[in-house]
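Undergrad: My questions all concern the structure below.
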Amino acid sequence: MVDGASSVRLFAAVNFDETVRRAVTTTTAAIAERLVAAGGARVSWVRPWNLHVTVRFLGDVEVGVMRRLRTSWVRPWLAGMFDLKLAVPGTFPPSGTPRVMWVGVCDRSSGFDPLTLELDERLRTAGVGENQVRFVPHVTVGRVRRAAACGRMIREALEAVKVKAVRWRATDVILYESRVTPSGPSYVPQAVGTWRAGITS
């Protein structure tokens, strides 16, 4: 948090290990290579150390609300650990002019369902407004800066890339603060919520 700031930009995310990070980075490089070969598209690629599975984007939140969230976040969670794996890439929006490119995340056990319900309740209690965006598990890998004539090129590149279906176990949810720096965005952990040991079936 910047000294004197009245609000901070927050999001909730699930992290992964280096094996998953390398797989996503390899996929991103393959997408970028295909786009260059096809004539290029102006894309801002996410740096490897900033990759994560976004669960909720909270936007600008008052500092007092963030402090309440941090207190709530470290209390025991009812949600259990669950398994995930990387899946096919896609875009937001799924049709028309793409703005975001991502690598999908497969949640066969529906472990995100109880997590997002519990998370939303904690957010409401702390004073964060209702989330109206349908949750799609994904790892953002690039933001398209100029795509008016590149939509088809981008989607063809994504369809041609094979994603290594690496699996991992999700064990916690992290409250991050997003800070703007001269070298790009920096994500600073504000609190870690650890789930119970039982695996969601």
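Undergrad: HN-Hα J couplings of region 35-50 from phi, Karplus 6.51/-1.76/1.60, θ = phi - 60°, integer Hz, Gly and Pro as x?
TA: Coupling constants for region 35-50: 5, 4, 5, 8, x, x, 8, 7, 10, 9, 7, 6, 5, x, 6, 9 Hz.
Undergrad: Can you give the calculated 222 nm mean residue ellipticity of the chain, where each DSSP H run of n ≥ 4 adds -39,500 (n - 2.57) and the sum is split over every residue, rounded to the nearest 500 deg cm²/dmol? Intermediate results must be reported in sequence, preceding the final value.
TA: Details: 4 runs with 56 residues, N = 201.
Estimated from H runs of four or more residues: -9000 deg cm²/dmol.
Undergrad: Net charge near T25, counting Lys/Arg +1 and Asp/Glu -1 over other residues with Cβ under 14 Å of its Cβ?
TA: Details: positive: R21, R22, R47, K164; negative: D17, E18, E33.
Once all neighbours under 14 Å are counted, the net charge is +1.
Undergrad: Compare the Cα positions of N131, A12, G104 along the charge dipole of the chain (+1 at Cβ of Lys, Arg; -1 at Cβ of Asp, Glu; about the Cα centre) and return the one farthest towards the positive end.
TA: After comparing all options, I get G104.
Undergrad: Same structure again: So what J values fall out for region 21-31 if you push phi through Karplus, 6.51 cos²θ - 1.76 cosθ + 1.60 with θ = phi - 60°, rounded to Hz, Gly and Pro as x?
TA: With the stated coefficients, region 21-31 comes to 4, 5, 5, 5, 5, 5, 4, 4, 4, 5, 5 Hz.
Undergrad: Another question about this same structure. For region 54-115, rounded, prolate or oblate, judged on the Cα gyration tensor with a ≥ b ≥ c (square roots of eigenvalues), a/c < 1.5 rounded, else prolate if a/b > b/c? Walk me through the intermediate numbers first.
TA: Details: a/c = 3.86, a/b = 1.36, b/c = 2.85.
Oblate is the answer for region 54-115, as a/c is 1.5 or above yet b/c matches or exceeds a/b.
Undergrad: Amide H neighbours of A79 under 5 Å, at least 5 residues apart or on other chains, H built in the peptide plane: list them.
TA: So A79 has HN proximity to R196.
Undergrad: How big is the gap, in Å, between the Cα center of region 1-64 and the Cα center of region 142-192?
TA: 4 Å
Undergrad: So how tilted is helix 63-73 from the main axis of the chain? Cα-based, degrees 0 to 90, rounded to 10.
TA: Long axis of 63-73 versus the principal axis of the chain: about 80 degrees.
Undergrad: For region 7-195, just run the numbers: alpha carbon Rg, then divide by 2.2 N^0.38 Å, N being how many residues it has. Each step should come with its number before you reach the end.
TA: Details: Rg = 17.0 Å, N = 189, 2.2 N^0.38 = 16.1 Å.
This ratio for region 7-195 stands at 1.05.
Undergrad: Further question: Assign unit charges at the C-beta atoms only (+1 for Lys and Arg, -1 for Asp and Glu), then state the dipole size of the chain relative to its Cα centre in Debye, rounded to the nearest 20. Kindly include the intermediate steps, with their values, before the conclusion.
TA: Values: 28 positive and 17 negative charges, 93 e Å.
In total the dipole reaches around 440 debye.
Undergrad: Continuing with the same structure: Let me check I've understood the local charge: for N15, count other residues with C-beta under 10 angstrom from its C-beta, Lys and Arg +1, Asp and Glu -1. What total comes out? Please list the in-between numbers first.
TA: Working: positive: R21; negative: D17, D172.
Combined, the nearby Lys, Arg, Asp and Glu give -1.
Undergrad: If you don't mind, there's one more thing I want to ask. Cα gyration tensor of region 1-85, axes a ≥ b ≥ c as square roots of the eigenvalues: rounded (a/c below 1.5), prolate (a/b > b/c) or oblate? Before the final figure, lay out the partial values.
TA: On the way: a/c = 3.47, a/b = 1.61, b/c = 2.15.
Cα axes put region 1-85 in the oblate bin.
Undergrad: For R145, what charge total do you get from the other residues with a beta carbon under 13 Å from its beta carbon, if Lys and Arg give +1 and Asp and Glu give -1? Intermediate values should be presented prior to the final figure.
TA: Working: positive: R42, R99, R143, R146; negative: none.
My count for the surroundings of R145 gives +4.
Readers should treat all values here as calculations from the given coordinates under stated rules, not as data from a laboratory. This structure is a prediction, so every number in the text was calculated from the model and none was measured. When we count neighbours, we look across all protein chains shown, and the Cβ atoms used for this are built from the backbone with ideal geometry, even at glycine.
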